[in-house]
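K.L.:
My structure is below; once you've seen it, I'll send some questions.
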Amino acid sequence: MTTMSTAATPDIDPDLAKAQEYAAKLLLLSEGSVNRHFDPFEDIDWDNPDYAATAGEERWILPQSADPLGRHPWYLALPKDKQIEIGKYRQANVAKVGLQFESILISGMVIHNFGLPNGSPEFRYCSHEMIEEHNHTLMFQEMVNRIGIDVPGMGPLVSKFKYLAAPVAALAPNLFFMAVLAGEEPIDHIQKQILRSGEEVHPIMLGVMAIHVAEEARHISFAHEFLKTHVPEVNAANKFVLSLAMPLVMWILGRSIATPPKSFFKEFGIPEKVRKELFYGSKEAKQVFSDYFVDVRALAKELGLMNPIAKRVWKLLKIDGPSSRYRSEPLRLVTAG
């Protein structure tokens, strides 16, 4: 009786396999940037008469679906012209905050790219993302200019983050990309809620949101993939520090992005009680803010960053809760699940 020998299958280096998988995902994202990208001055019809900031001004009234001020009794009781005035200011300031955050992100990503080795798939993708983010800053600033209100954007303290992006990106890239998610996730969450609601909004705002949501999907995907690849590479002590830093970064930057500066409330005489109810004090306000991070909590679990102490930090900051089963899962399904 003879036996046939089978050729030995060479072992595949698991680290090499992971690197190849990561490179393939980044190539897909890079190709997406080439094949599906936008130019704010070609893809938004700025000079269309219907796009004038003064056309159909009732469309500036804040949407109830995604803006806590838009559904607050204090705002709803105001005369329509005052609702429009506040709505214009609020949306212009959100756009200004958006472009300031994108500028901070770009400054950090430039430093990250500077030190990458030749052949790194991150270099190409990050370069594509920075081009898109530059276009977003142009788009947001044009929206502010068209509305014609001299809004400040971030508050004076929050704006100091512009000095931190570069050193954090250079010294702690995992922390930097957590910060990227802390800024991108709330904006993406709010804009998707408005688009899904079907509420009528001004076409300038609609055009800006549609472009931003389409391209931010890639940017958020990259930040997730970056952390999935690089967090497992750090030692246990660093991983523990990251597990505590993650909820803190989400809370600090999330608040900075989602909460208007005090000058906004002063400008329109919004009572302090209403301000606290909108963004801090009420049960609804806490739930809305926590919901911004449903995908991030899922990522933290996947990365092994949701240890017992980290869970307490998430809970202490009141941004704990359920996590999504997949990224961008509609919130009603997450809650039901």
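K.L.:
List the lysines whose Cα lies under 17 Å from the Cα of Lys18, skipping any in the same chain that are fewer than 8 positions away.
P.N.:
Those lysines meeting the cut-off are Lys228.
K.L.:
So, one more: Which pairs in the list Lys276/Lys318; Lys239/Lys276; Lys96/Lys311; Lys80/Lys160; Lys239/Lys311; Lys25/Lys160 are over 26 Å apart, alpha-carbon to alpha-carbon?
P.N.:
Lys239/Lys276; Lys96/Lys311; Lys80/Lys160; Lys25/Lys160
K.L.:
Please give the residues of region 18-61, grouped as numeric ranges, whose backbone N is less than 19 Å from a label point set 7 Å along the Cα-to-Cβ vector of Ile12.
P.N.:
It comes to 18-28, nothing else.
K.L.:
Shifting gears a bit: Summing Lys, Arg as +1 and Asp, Glu as -1, what charge do residues with Cβ under 10 Å from the Cβ of Phe279 carry, Phe279 excluded?
P.N.:
Residues near Phe279 contribute +3 overall.
K.L.:
Expressed in nm to one decimal, what extension gain is obtained for the pair Ala24 and Ser159 from 0.36 nm per residue of sequence separation less their Cα-Cα distance?
P.N.:
45.0 nm
K.L.:
Multiply the residue gap between Val213 and Lys315 by 0.36 nm, knock off their C-alpha separation, and tell me the result in nm, one decimal place.
P.N.:
Length gained between Val213 and Lys315: 33.8 nm.
K.L.:
Continuing with this model, one more query. For region 193-321, what class follows from the C-alpha gyration tensor (a ≥ b ≥ c being the square roots of its eigenvalues): rounded when a/c is under 1.5, otherwise prolate if a/b is larger than b/c, else oblate?
P.N.:
The shape class here is oblate.
K.L.:
Enumerate the aspartates and glutamates that Lys192 could reach by cross-link, defined here as Cα to Cα under 15 Å, with residues fewer than 8 away along the same chain left out.
P.N.:
Within the straight-line limit of under 15 Å, Lys192 reaches these aspartates and glutamates: Asp67, Glu184, Glu200, Glu215, Glu216, Asp291, Asp295, Glu329.
Values in this text are rule-based calculations from the coordinates and carry no lab data. Remember, it's a predicted structure, so these values are computed and weren't measured experimentally. We place every Cβ from the backbone using ideal geometry, glycine too, and count neighbours over all the protein chains shown.
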